[in-house]
Amino acid sequence: MHLMQLPREVLLGENLKGEAVNVAKRLGLGERALVLYGPKTKEIAGKDIEKSLRESFEVSALVIREASMEEVEKTLTKIRDDNSDWLIAVGGGSIIDVAKLASFKAGVPFISFPTTASHDGIASANASIKDLGTKTSVKAVPPVAVIADVRVIKTAPYRYLAAGVGDMISNLTAVKDWQLAHRIKGEYYSEYAASLSLMSAKMVIKNADIIRLGNEESVRKVVKGLISCGVAMSIAGSSRPASGAEHLFSHALDAIAPKPALHGEQVGVGTIIMAYLHGLKWERIRETLKKVGAPTNAYELGIDPEYIIEALTIAHTIRPERYTILGKDGLTREAAEKAAKITGVI
Ligand SMILES: NC(=O)C1=CN([C@@H]2O[C@H](COP(=O)(O)OP(=O)(O)OC[C@H]3O[C@@H](n4cnc5c(N)ncnc54)[C@H](OP(=O)(O)O)[C@@H]3O)[C@@H](O)[C@H]2O)C=CC1
Ligand SMILES: O=C(CO)COP(=O)(O)O
Ligand SMILES: [Zn+2]
């Protein structure tokens, strides 16, 4: 059986910080709410949301610092101690992922309140969580509702919006990897999920100039595309339509680089290289990333070329069960260096 879970409500608009109250009432989520935010997102929107919720609910709050198993455990303890009926995650991809997994494990629903459009985990059912040093993709639950306030999301530095473009353009190589795994390993493949995922990638290529403006229309376009990627992942039952070798490369960088860049920035650069390996038109991907002002090389990522090469050679070991263009043996150092040089990444 394939269980496909999707959000029940998606709100996209301006000044929505007070809407959590109405959503929770409409969906009958219960009396006791737990608000999760980070040190920055607390100030950006978390405190205001907490305040408006206090008028109608019993509210507690917790600061989350990273997407790790420890933070998930901390959240589960808080849910148990405070008897929380539901959660609301106010923040970037890391906080939403912690909420997603804690919500799944505790059996309580959660609302996703993204403060950035930097990743496609806003509405997805899978969580990317660091466990024993590396990121694993864990099956969880999608948010029961998404509240995307374009005003809040626009307060984030433009860099985050460009990262969202990177996370969407990566669907081009992720789907290619998925097709390869289907053909070589007989892995389950959903044509519908793949098409939906590719739609977001094509949308950013077509709308790069509009997105570059960084205005509210840009934010709306990117958010809709990211939500749609999340739906594609729910249909697939895994992150396959939106995560291939370019994501393994980014997860490898997170593990080894002293100062990793944003998730979407790293996967964008990874997409250029993996597109080259797949024989796709990698120049067009680089062009789109350049147009939106996203990094296209090691220097712009702020990562030493040596780490780029190393990440390329170890990427296939991150999730050996996820078959990609890197194959079972991965890239040799020579092949990694050549691919990175030809594509101008190093
Ligand atoms: N499950 C899924 O399907 C997916 C999961 N992901 C995951 O999401 C994570 C990446 O998410 P990303 O959002 O890039 O990074 P983070 O959630 O790690 O956030 C990065 C930083 O941005 C800050 N921030 C958040 N909102 C704002 C804002 N409006 N203005 C200024 N700063 C802000 C955060 O603040 P603070 O310190 O307060 O948190 C944090 O310091 C990765 O862990 C990745 O694996 C990515 C794609 C899909
Ligand atoms: O980031 C994702 C899709 O953009 C999904 O993450 P994983 O690579 O952890 O499966
Ligand atoms: Zn991603």
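The values are calculated or read from the model by the stated rules, or taken from the named source; none is laboratory data. In this text the structure is predicted, and so the values were computed from the model without any measurement. Counting neighbours? That spans all protein chains shown, and the Cβs are built from the backbone with ideal geometry, glycine included. Accessible surface areas use protein heavy atoms only, side chains included; no ligands, DNA or RNA. Shrake-Rupley method; radii C 1.70, N 1.55, O 1.52, S 1.80 Å.
Heavy atoms of the protein chains alone define the surface here; on that basis the chain has 41 Å² accessible area per residue at 1.4 Å probe size.
Using a cutoff of 8 angstrom between alpha carbon atoms and counting only pairs six or more residues apart, the relative contact order for the chain works out to 16 percent. What residues from the range 206-233 fall in the zone where the backbone N is under 16 Å from a label point 7 Å along the Cα-to-C-beta line of Lys139? 233, by backbone N distance to the label point. Each peptide in 228-239, 21-32, 303-314 gets a packing score, the mean of other Cβ atoms within 10 Å over its residues, and the list from highest to lowest is 228-239, 303-314, 21-32. Beta bridges from DSSP with both residues in the chain: antiparallel share about 20 percent, rounded to the nearest 5. Full extension of the chain between Ser195 and Asp304 yields a length gain of 35.7 nm, computed as 0.36 nm times the residue separation minus the alpha carbon distance. Protection proxy ranking, highest mean first, for peptides 177-188, 315-326, 153-164: 153-164, 315-326, 177-188, where packing is the per-residue count of other beta-carbon atoms within 10 Å, averaged. Distance between the modelled labels on Asp48 and Glu217, one decimal in nanometres: 2.4 nm (7 Å Cα→Cβ projection). Both numbers refer to the Cα atoms of the chain; Rg and Dmax are 19.2, 61 Å. Here each label is just a point 7 Å from Cα along the line to Cβ, and for Arg26 and Asp82 those points are 2.4 nm apart.
Give me the distance between the Cα centres of the range 206-246 and the range 1-50, rounded to whole Å. Using only Cα atoms, the two centres lie 20 Å from each other. The stretch between Glu187 and Lys224, if pulled fully straight at 0.36 nm per residue, gains 10.5 nm over its current Cα-Cα span. When you count the other C-beta atoms within 10 angstrom of each residue and take the mean per peptide, 111-123, 331-343, 243-255, 80-92 line up highest first as 111-123, 243-255, 80-92, 331-343.
Only protein atoms count toward the accessible area here, which uses a 1.4 Å probe; on the range 158-342, the carbon and sulfur part of that area reaches 53 percent. Taking a label point 7 Å from the Cα of Leu132 along the Cα→Cβ vector, which residues of the range 307-322 have an amide N closer than 15 Å to it? Under cut-off, by backbone N: 317-321.
Quick check: from the Cα gyration tensor, does the range 158-342 come out rounded (a/c under 1.5), prolate or oblate? Here the range 158-342 falls in the oblate category. Here each label is just a point 7 Å from Cα along the line to Cβ, and for Val63 and Ala255 those points are 3.0 nm apart. Screening the chain for DSSP H helices whose Cα atoms reach 15 Å or more along their own axis and whose mean Kyte hydropathy is at least 0.0 gives 93-106, 158-169, 191-206, 216-236, 245-256, 263-278, 305-318.
Only helical runs count toward this figure. For the chain, summing -39,500 (n - 2.57) over DSSP H runs of n ≥ 4 and dividing by all residues gives -16500 deg cm²/dmol at 222 nm.
Pairs from the list Lys47/Lys202; Lys176/Lys206; Lys78/Lys185 with a Cα-Cα gap above 31 Å: Lys47/Lys202; Lys78/Lys185.
For the range 47-107, the square roots a ≥ b ≥ c of the C-alpha gyration tensor eigenvalues yield an a/c of 1.5 or more together with a/b not exceeding b/c, which makes the shape oblate.
Post the alpha-carbon centroid distance, the range 306-346 to the range 88-167, in whole angstrom. Centre-to-centre distance over Cα atoms comes out at 27 Å.
The lysines within cross-link reach of Lys259, meaning a Cα-to-Cα straight distance under 27 Å and a gap of 8 or more places when in the same chain, are Lys40, Lys42, Lys74, Lys100, Lys130, Lys135, Lys154, Lys290, Lys291, Lys338, Lys341. Classified by the C-alpha gyration tensor, the range 108-227 has an oblate form. Its axis ratio a/c, with a ≥ b ≥ c, is 1.5 or above, and a/b does not exceed b/c.
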